[in-house]
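Before any comments, here is the structure.
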Amino acid sequence: MATETAHAPAALAPSGHDAKQGQQHPLGIYFVIWGLLFVLSTFSYLVDYFNFVGFTRWSLILSLMWLKAGLIVAVFMHMRWERLALVYAILIPPLLLAILVTLMSMESDYTFWTRILFFGLFRAHPGA
Amino acid sequence: MTELALEDQDATRLQSLVTDWSTDQETFKRVHWGKAMMWIFLLSDTFIFSCFLTSYMTVRSSTTMPWPNPSEVFGLTIAGQSVPLLLIAIMTFILISSSGTMALAVNYGYRHDRRTTALLMFATAAFGVMFVSMQAFEWTKLIREGVRPWGNPWGAPQFGSCFFMITGFHGFHVSMGVIYLSTIAIKVWKGDFERKGNYEVVEIAGLYWHFVDLVWVFIFAFFYLW
């Protein structure tokens, strides 16, 4: 989320809508984003439909996911026009989650190999 | 010393607490308080959903049993042909469309066009109802096929608990959103915000709704496409 919105001209934002009330933007941009979200979602569906695997699958899934999330946060939720104080207060804290995800992926790796060691491989292939 | 002694008295201490927090220390300048509060609520919600998705990642990558293939589990058979993930794809498009109508509603609100705003919000809520109904259909189908929080016919027993917990919590958010949006839409229709001359309440409700769509983007990628 942060990467997409960090480059937005947030510092310039106040002058943009100070005089007017709230977030007023041309309607067109919402239709463009709406269309883009449809296209991107179709692409992510096609990733599964055409059964891409491995690195191709993951890079496609993740980049399409971040693009969609970025468009929703930046335009639909108006983050690119908000003041930097609010943008940073909301978008920086979730970065901490990377630590949780890293720790838990190490932990799950450990659990997986412990299970293999103590329960044996037959649990991995119940059919065998 | 005498001043310090005075501050120890409860009344004075309480007063100092109030003074400290209410002096002119506004951080989010010219941001409606409701909007700042909604963003902070959404931030906390981000952590809740992230905990669900992280625990799902943990159990999925630590199980030694094969994970049920979502592509097949959530497939539909149409005219004898099985189409993978069809229902989920339709649900995704419905939720995106609801986000679109919501974004338009916010825009028309700031134009003080209360009829269009209310109608667009009702349309958004209707899309939300459609989404939850399709989710109810999906749950019914999986429960009939034997998926339980403690097991399922196709593999790792953790599949059920992750599925019900994550999609259930998201569906709960959508349901609450439908009630929230309908309440605001009725107030818009009656002209409450016209009298106040301020439509920011619509934008704040919109933030919540877009967040529900945002969470679905991550659930779709991690739960259905992995």
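The single condition from (1) crowded, with 21+ Cβ neighbours inside 10 Å; (2) free of Cβ contacts under 8 Å to residues at least 40 places away in the same chain that B:ALA185 fails is (2).
Within the range A:64-80, residues that are facing chain B (nearest Cβ under 7 Å) have Cβ atoms under 9 Å from residues that are hydroxyl-bearing (Ser, Thr, Tyr) and in a helix (DSSP H, G or I) in these pairs: A:MET65/A:SER44; A:LYS68/A:SER41; A:LYS68/A:SER44; A:ILE72/B:SER99; A:VAL73/A:THR5; A:PHE76/A:TYR30; A:PHE76/B:SER99, counting only partners at least 6 apart in sequence or on another chain.
Just one of the numbered conditions (1) crowded, with 21+ Cβ neighbours inside 10 Å; (2) within 14 Å of chain A (Cβ to nearest Cβ) is not true of B:VAL174: (2).
Determine, yes or no, whether B:ILE88 is crowded, with 19+ Cβ neighbours inside 10 Å, part of a helix (DSSP H, G or I), touching a residue at least 60 places away in the same chain (Cβ under 8 Å) and in contact with a Pro (Cβ under 9 Å, 6 or more places away or on another chain). So B:ILE88 passes the test.
In the range B:63-83, what residues are part of a loop (DSSP other than H, G, I, E, B) and within 11 Å of another protein chain (Cβ to nearest Cβ)? Hits for the range B:63-83 are B:THR63, B:THR64, B:MET65, B:PRO66, B:ASN69, B:PHE74, B:GLY75.
Residues in the range A:96-111: is at least one at the interface with chain B (Cβ under 7 Å from one of its Cβ atoms), out of contact with any strand residue (DSSP E or B) (no Cβ under 8 Å at 6 or more places or on another chain) and in contact (Cβ under 8 Å) with a residue 60 or more places away in the chain? No: zero hits.
Give me a count of the residues in the range B:194-212 that are more than 9 Å from every other protein chain (Cβ to nearest Cβ) and not hydrophobic (A, V, I, L, M, F, W, C). Number satisfying all stated conditions: 4. Kindly provide the set of residues from the range A:34-43 that are at pLDDT below 95 and among the β-branched types (Val, Ile, Thr), ordered by number. If the condition is that a residue be at pLDDT below 95 and among the β-branched types (Val, Ile, Thr), then A:THR42 is the only one that fits. Listed by position, the helices (runs of 4 or more DSSP H) contained in the range B:1-62 that have at least 2 residues being surrounded by fewer than 17 Cβ atoms within 10 Å (Cβ to Cβ), at pLDDT 80 or above and out of contact with any helix residue (DSSP H, G or I) (no Cβ under 8 Å at 6 or more places or on another chain) are B:10-22, B:33-62.
B:VAL215: buried (at least 22 other Cβ atoms within 10 Å of the Cβ) and either closer than 18 Å to B:ASN107 by Cβ or within 14 Å of another protein chain (Cβ to nearest Cβ) (or both), yes or no? When the stated conditions are applied, B:VAL215 passes them.
Total residues in the range A:35-59 satisfying the condition of being in contact with a Ser or Thr (Cβ under 9 Å, 6 or more places away or on another chain), under 15 Å from B:LEU85 (Cβ atoms) and in a helix (DSSP H, G or I): the figure is 6.
The values are calculated or read from the model by the stated rules, or taken from the named source; none is laboratory data. Every value quoted in this text rests on a predicted model; they were computed, and no experiment measured them. In this analysis, Cβ positions are derived from the backbone assuming ideal geometry, glycine residues included, and neighbour counts consider all displayed protein chains.
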